[in-house]
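Q: Please read through the structure below; I'll follow up with questions.
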Amino acid sequence: MKTVQIIFLAWLLAIGSGCGYSKPATTPPQAGTTPTITQLIPNNANAGTAFILTVNGSDFASNAAVNFNAAAQTTTFVSASQLTVAVPASADMTSGAVPVTVTNPGTPGGIYGGGTLAVTSAPINFTIN
């Protein structure tokens, strides 16, 4: 009878401890902070000319990128409300409206996930004459 009780107790412990273990849950990345553009200086340029573009707004990450006509440009972080970029002459060869956006890159999570997703601002048009 004692052997049956020991076997039953061992079986109960094995089942109980097996049910309590699971793989740690992973947390999906959350949306990052969305940058906002309020002003482009200058807001126009002649086709085929290189220029320095200043982007004013809010919530710019220190590693944000300015996208000129959908192409990421090398961006200089001035502050959370200002970025600058040297737009090459090859980027503005055709006259018309060119969209400018700012992308805050995502941040990696830890071993259990987390982090943030990359977020891009609404576009503001830059005019090429």
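The values are calculated or read from the model by the stated rules, or taken from the named source; none is laboratory data. Values in this document were obtained by computation on a predicted structure and should not be read as measured data. Cβ atoms come from the backbone with ideal geometry, glycine included; neighbour counts cover every protein chain shown.
Q: Could you list, in sequence order, all residues of the stretch 82-94 that are exposed (fewer than 15 other Cβ atoms within 10 Å of the Cβ) and under 17 Å from the mean Cα position of the chain (by Cα)?
A: If the condition is that a residue be exposed (fewer than 15 other Cβ atoms within 10 Å of the Cβ) and under 17 Å from the mean Cα position of the chain (by Cα), then no residue fits.
Q: For residue 122, all conditions in the list (1) touching a residue at least 60 places away in the same chain (Cβ under 8 Å); (2) of a type outside the set (Asp, Glu); (3) in a strand (DSSP E or B) hold save one; what is the number of the exception?
A: Checking residue 122 against (1) touching a residue at least 60 places away in the same chain (Cβ under 8 Å); (2) of a type outside the set (Asp, Glu); (3) in a strand (DSSP E or B), the one that fails is (3).
Q: If you don't mind, another one. If a residue must be within 14 Å of the chain's Cα centre (by Cα), of a type in the set (Val, Ile, Thr) and either within 16 Å of residue 99 (Cα to Cα) or modelled with pLDDT under 95 (or both), how many such residues does the stretch 28-46 contain?
A: Qualifying residue count, the stretch 28-46: 2.
Q: Can you name every one of the strands (runs of 3 or more DSSP E) wholly within the stretch 46-97 that holds 2 or more residues which are within 13 Å of residue 126 (Cβ to Cβ)?
A: Result: 51-58, 65-68, 82-87.
Q: Could you say which residue among 77, 60, 51 is of a type in the set (A, V, I, L, M, F, W, C), over 16 Å from the mean Cα position of the chain (by Cα), modelled with pLDDT of 95 or more and surrounded by 13 or more Cβ atoms within 10 Å (Cβ to Cβ)?
A: Selected residue: 51, the only one of 77, 60, 51 that is of a type in the set (A, V, I, L, M, F, W, C), over 16 Å from the mean Cα position of the chain (by Cα), modelled with pLDDT of 95 or more and surrounded by 13 or more Cβ atoms within 10 Å (Cβ to Cβ).
Q: Looking at 94, 84, 107 in this structure, which one is hydroxyl-bearing (Ser, Thr, Tyr) and under 18 Å from residue 31 (Cβ atoms)?
A: Within the list 94, 84, 107, the selection yields 107.
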